[in-house]
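Data block below; observations after.
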Amino acid sequence: MPNTRCSHRIDAGVKAAIAQAMEKHRRLGQSIRIWRDGKIVTLTAAEIPPRADSDTAF
């Protein structure tokens, strides 16, 4: 099905964009807010896990 393949590509793009934004915040020392266990949680830059391919430029 074409729609299924398209939705997989969209999902992958969204996940990549989120990972890139999280890495940017980590490098800049900025906190982020995430949804965890039904609550909004603030992660400091030190708590954001580094991205595996974090050598990419922003």
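The values are calculated or read from the model by the stated rules, or taken from the named source; none is laboratory data. Please read all numbers here as calculations on a predicted model, not as lab measurements. Note: ideal-geometry Cβ built from the backbone for every residue, glycine included; neighbour counts use all protein chains shown. Accessible surface areas use protein heavy atoms only, side chains included; no ligands, DNA or RNA. Shrake-Rupley method; radii C 1.70, N 1.55, O 1.52, S 1.80 Å.
Where does helix 2-28 land angle-wise versus the long Cα axis of the chain, in degrees 0 to 90, nearest 10?
10
Along the principal axes of its C-alpha atoms, what lengths does the chain span, in descending order and rounded to whole Å?
Cα spread of the chain along its principal axes, largest to smallest: 42, 33, 14 Å.
Cβ neighbours within 10 Å, averaged per peptide: list 7-17, 40-50, 24-34 in order, most packed at the top.
In decreasing order of mean packing, 7-17, 40-50, 24-34 become 24-34, 40-50, 7-17.
Within the range 3-58, what whole-number % of the accessible surface is contributed by carbon and sulfur, with the 1.4 Å probe and all protein chains included in the calculation?
55
Compute the relative contact order of the chain as a whole-number percentage, counting only Cα pairs closer than 8 Å that sit 6 or more residues apart in sequence.
So the answer I get is 28 percent.
Hey, what's the chain come to in accessible area per residue, 1.4 Å probe, Å²?
83
Could you work out [θ]222 nm for the chain from helices alone, using -39500 (n - 2.57) per DSSP H run of at least four and dividing by all its residues? Round to the nearest 500 deg cm²/dmol.
Roughly -16500 deg cm²/dmol at 222 nm, from the helical runs in the chain.
Which one of ILE48, VAL14, SER31 is farthest out on the positive end of the charge dipole of the chain, using unit charges on Cβ (Lys, Arg +1; Asp, Glu -1) and the Cα centre as origin?
VAL14
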